[in-house]
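To start, the structure itself, in structure tokens.
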Amino acid sequence: MTEALVNKFGDTNVVLLNLPNSKTREGYYLSECTDLAIETMLAKIKEAHGQISSFIHLHPSFSFSGRRFDEHHKAELQIIKSVFLIAKHLQADLNKIGEHEYARFMTVSQMDGFLGKGTRNNLSVFGGGLTGLVKCLDLEWPSVFCRAVDFSENASPNFAAENIFKEFHDSNRGIIEVGYDGDRRVTTTETVDTVVEPAELQTKITTDSVILVSGGAKGVTATCIKALAKAIPARFILLGRSDINFELPSYASGNLDERALKSEILSNLKSSGQKASLADVKKIYNNIISKKEIEATLTALRQSGSQVVYIKGDVTNADSFQEALRNAESKLGKVTAIVHGAGRLADKYIQDKSAQDFDNVISVKLDGLLSLVRSVDVNNLSHLILFSSVAGYYGNVGQTDYAIANEILSKAAHLFKTNHPDIHISAINWGAWDSGMVSGELKAQFEAMGVKLVNSEGGASMFLNQLNTRYENEASVIIGGTLPAGISYLGAAKTHTIHRSINVDHNPFLKDHVIQSKAVLPVVNAVGWMAQSCERLYPDFQVFEITDTKLYKGIVCEENNEAEYTLVLKEEMKTEEAIIFKATIQSEGKKLPLIHYKANIQIRNKRHLPKAPQLNKAIPTGIIEDGSLLYQNGALFHGPSFRGIDKILSYDEHQMTLSCKAPFVSRARQGQFPVLSVNTFFSDIQYQGMVVWVQKFNEGAKSLPLSTEKVRLYEPIPFEKEMLVHITIKESTPFKMVADCTVVDKSGKVYMETIGAAVTVSKQLQWN
């Protein structure tokens, strides 16, 4: 792959850097993975070749034999650590270059084409942690283009090089990770599952289950375990580093606050003639607090009817707790479930992190998992629950090492599930908890950034819910709100070019929009591509206004044929509050580009979006016609993805009112035109209303969208939510109709306003 990629970049100044233990010696060779060695090597490269403007890491493909999934554990982590430290030392150069031109940081793996979440049963997943690093850097480095790409193991070097080159030159900042399953390009998506409370707990965990819990005697993990014990008084073995085999001093028996307790500790040290340093006071204080919290957890579990044993040990070192675990099993029985909740943080920007930070954070999650699994008989397990984090799934500022660890943990869950399908395995990507560690001030900051904290009671309930057998095949889940989006780097005005190959197979929804036996891309989906591509370039901005939309030549998708289109986004105006683009979708013509659609797109910083207005007039109502009949009697040609008119509530020569509900369209069916802030499927439904009005007042004439003067988007329109669409007719001739459309919910809150929407009027046009 390396040779093919170098050839693809042609005359570009490409420098090869081989990491420790690499078999290749061409280019530069890094002898050891240390801060100093990497800093020295990068300085040497810059002296010989100039400032480094981009970095691409090609990760080796590892597979294991038998069930030794940790066979390449140390080798892969050494490579990831090298990339982590390279990123640390490239931070200044890449961000400086990114202020004026494109700077890039990319990682390329060859796991399964699904970013480590496929079904390969011998895949070494440790390299999958690179996506966590890339997602965090994308947030920390707003001026740098960051992307992680994964190919299947059988991808040819030329195929990989061709698509790495395309990803390298892609300007879409909204996509951070991409997989290539064969020749199919895939990205990650989430499926929302709303839990109906109270949810009945149906689980394989029983009162006879023996659950080994790391980090379970304190904090978030303890909260979850106590909730489980209340529901099912199982047997628990809690593993922690803290020692509780000492008597609490008399002064610590009360409920003193931190300041008062530390004062008592200091006085006691002085009165006993000991040297009292702040470090000593802090150590004693932590020991006391840990013992109290652990004993409170043990008491709560026993009061729920559970049997429980606490064992002291380091989860990263199986030898430190093996004997204690065997003794606990002799009392309670063999371990049948594992909850790995232990974790460690070292939050800093990557340029401030050390190699030791990386080792400490990674070890608790990964060495901890290996120690736990090696210490039990896997054949006895019914459950393996891993506490991961949305910091890995979404990225988070200051948590590059933590994100790497949690991404590997999540992908390990998929691997385990592939090899042990009868075990209920879940990697829970937790959002931030509203625990005692979150002060009122910090909580307010989280809320200002759009972070929804997980409250303790709700989080514990969701943990219990995840143990339901209905979720036993979901190896990776998200519980809690997402972390904040990155801060956009504005810089000078730019022109962005995005290429897309469109065919019917990659966009199943097109089969529901067929005119005269041909799949036609709806205008609204083309506009959605333009608009949402703009906001993807700037993650803390959102589409607000679309003006002067024009259709020049529609896109017709032929069966078994793929056509190339180019989206050009030219920044016309740019401030911290708003950015305006001139957007064009075009394809290659004989001499000049062939224009298909044009529009002006305004995105606004989410902090400066206006509040959704209320409709200031009454909407005529009173059920007149069943809207579903429109899709049966030939009035409308639309398939299931677009059938959203439930009722025609009223109409006359001046207006029409509809009750509408966009049917749910799966992410897979949306294909290359996913719904983000713009629900294009609902947008099409309001134009359908205009088509119906034209037919009623023009002797059955048909119509298609022509142009739109202005659209304002105040709130994203959800799928399957009842909305009212009010259409006001502004102009009607035998050849054209122009109307304004307002979309509101039952309370009258305006979600979308469309001004000056024009459609053609034709008695010759036929759907079939």
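Taken together, the values in this text are just the output of simple stated rules run on the coordinates, not laboratory data. All of these numbers come straight from a predicted model, not from anything done at the bench. As a convention, Cβ positions derive from the backbone with ideal geometry for all residues, glycine included, and neighbour counts pool all protein chains shown.
Summary table
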quantity: Degrees, to the nearest 10: 278-303 long Cα axis against longest axis of the chain; calculated: 80
quantity: Within the chain, helix-based [θ] at 222 nm, where runs of 4 or more DSSP H residues each add -39,500 (n - 2.57), nearest 500; calculated: -10000 deg cm²/dmol
quantity: In region 1-76, trypsin sites (Lys or Arg not before Pro) in a DSSP loop with at most 10 other beta-carbon atoms within 10 Å; calculated: 23, 25
quantity: Within the chain, percent of DSSP bridges classed antiparallel, to nearest 5; calculated: 65
quantity: Quarter of Cα convex hull surface for region 2-186, i.e. mean projection, nm²; calculated: 10.3
quantity: For the chain, the fraction of alpha-carbon pairs in successive 20 Å shells from zero, as %; calculated: 14, 41, 33, 10, 1, 0
quantity: Projected label distance in nm at residue 747 and residue 243, using a 7 Å step from Cα toward the beta-carbon; calculated: 5.8
quantity: For q = 0.13, 0.15, 0.17 Å⁻¹, Debye-computed log10 I/I(0) when each Cα of region 266-391 counts as one equal scatterer; calculated: -0.78, -0.96, -1.11
quantity: Cα centroid of region 712-762 to Cα centroid of region 382-419, whole Å; calculated: 44
quantity: Rounded Å value of the spacing that divides the Cα centres of region 187-260 and region 583-623; calculated: 49
quantity: Neighbourhood net charge (12 Å Cβ-Cβ; Lys/Arg +1, Asp/Glu -1) for residue 760; calculated: +3
quantity: Rg [Å, one decimal], Dmax [Å, integer] - region 605-674, C-alpha atoms; calculated: 16.3, 46
quantity: Under the Karplus curve 6.51 cos²θ - 1.76 cosθ + 1.60, θ = phi - 60°, whole-Hz ³J(HN,Hα) for region 71-79, x wherever Gly or Pro sits; calculated: 4, 10, 3, 5, 5, 5, 5, 5, 5
quantity: Crossing angle, helix 523-537 versus the chain [Cα axis fit, 0-90 degrees, rounded to tens]; calculated: 40
quantity: The chain: relative contact order in percent, alpha carbon pairs under 8 Å with at least 6 residues between; calculated: 10
quantity: Electrostatic dipole magnitude of the chain [Cβ: Lys, Arg +1; Asp, Glu -1; Cα centre; debye, to 20]; calculated: 380
quantity: Order of 369, 464 - criterion: other Cβ atoms within 10 Å of each residue's Cβ, fewest first; calculated: 464, 369
quantity: Net charge, residue 61 excluded, C-beta distance under 14 Å - Lys, Arg +1, Asp, Glu -1; calculated: -3
quantity: Karplus-derived 3J(HN,Hα), 6.51/-1.76/1.60, for each residue of region 361-372, Hz, glycine and proline x; calculated: 5, 5, 4, 4, 6, 8, 4, x, 4, 4, 4, 5
quantity: Region 1-77-region 280-341 distance, computed between alpha-carbon centres (Å); calculated: 42
quantity: Relative contact order computed over region 625-760 (Cα-Cα under 8 Å; 6+ residues apart), in percent; calculated: 23
quantity: Burial order of peptide ranges 273-286, 577-590 (average beta-carbon count within 10 Å, highest first); calculated: 577-590, 273-286
quantity: C-alpha long axis of helix 322-332 to longest principal axis of the chain, angle in °; calculated: 80
quantity: 32 Å Cα-Cα threshold exceeded, pairs from 226/411; 570/702; 270/331; 452/550; 617/736; calculated: 570/702; 270/331; 452/550
quantity: Cut-off under 5 Å, modelled amide H: who pairs with residue 646 long-range; calculated: 659, 660, 661
quantity: Cut-off under 5 Å, modelled amide H: who pairs with residue 425 long-range; calculated: 384
quantity: Normalised alpha carbon radius of gyration of region 1-69 [divisor 2.2 N^0.38 Å]; calculated: 1.33
quantity: Estimated FRET transfer efficiency (residue 63, residue 18; beta-carbon r; R0 22 Å; 0.05); calculated: 0.55
quantity: Spin-label pair residue 299/residue 35, simplified geometry with 7 Å Cα→Cβ offset, distance in nm; calculated: 4.4
quantity: Dimensionless Rg over Rh [region 625-760; C-alpha; Kirkwood]; calculated: 0.94
quantity: HN-Hα J in Hz across region 154-171 - Karplus 6.51, -1.76, 1.60, θ = phi - 60°, x for Gly and Pro; calculated: 9, 5, 6, x, 5, 4, 4, 4, 4, 7, 4, 4, 5, 5, 4, 9, 6, 9
quantity: Straight-distance crosslink candidates among lysines, where the alpha carbon sits under 22 Å from residue 96 and sequence neighbours closer than 8 are dropped; calculated: 44, 46, 88, 135, 348, 353, 494, 574
